[in-house]
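Quick note: the coordinates plus some simple rules give every number you see, no bench work behind them. Remember, predicted model here, so these are calculated numbers, not experimental data. Ideal geometry is used to build each Cβ from the backbone, glycine not excepted, and the neighbour counts take in all protein chains shown.
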Amino acid sequence: MFFSAATRYQLLPRLDRWVLNETMRQLQPHAALLSGWNTSFAINISGQSLGDAEFADFARATLKSSGIDPKWITWKSQRVPPSATSKSPSGLFRA
């Protein structure tokens, strides 16, 4: 029910930003330890965020400022019909 309401009221991009910020905040203190491991963390992104032109820049800036190696992050998203987003999501996945 929560996600249905969040979707309906276009709140998922705000939630996605919170999740990314919180993930980086929790990983930062362990960055040195994690650097010796072959590990990955999956972050789910909503279709609304994939269609948000500003989300890719936000994600890049958040990762950069966190000091977390971007190779540790795997982006996940449900399939989104083309009509659900107005922009191409490719900006998020460029290095």
task = Provide Rg and Dmax in Å for region 1-68, with only Cα atoms included in the calculation.
result = 13.7, 42
inquiry  = With 10 angstrom as the radius, rank Ile43, Ile68 by how many other C-beta atoms surround their C-beta, starting from the fewest.
reply    = Ile43, Ile68
request  = Could you sort 28-41, 49-62, 10-23 so that the peptide with the highest average Cβ count within 10 Å comes first and the rest follow in order?
outcome  = 49-62, 10-23, 28-41
inquiry  = Expected output is a single nm value to one decimal: the length gained when fully extending between Thr39 and Gln10, i.e. 0.36 nm times separation in residues minus the C-alpha distance. What is it?
reply    = 7.2 nm
note = Long-range amide H partners of Phe41, meaning residues 5 or more apart or on another chain whose placed amide H is closer than 5 Å, are Ile73, Thr74
ask   = Which length gain, in nm to one decimal place, applies between Thr74 and Val19 when the Cα-Cα distance is subtracted from 0.36 nm times their residue separation?
value = 18.5 nm
message = Between Phe3 and Ala31, what's the calculated FRET efficiency when r is the beta-carbon distance and R0 is 41 Å? Round to 0.05.
response = 0.85
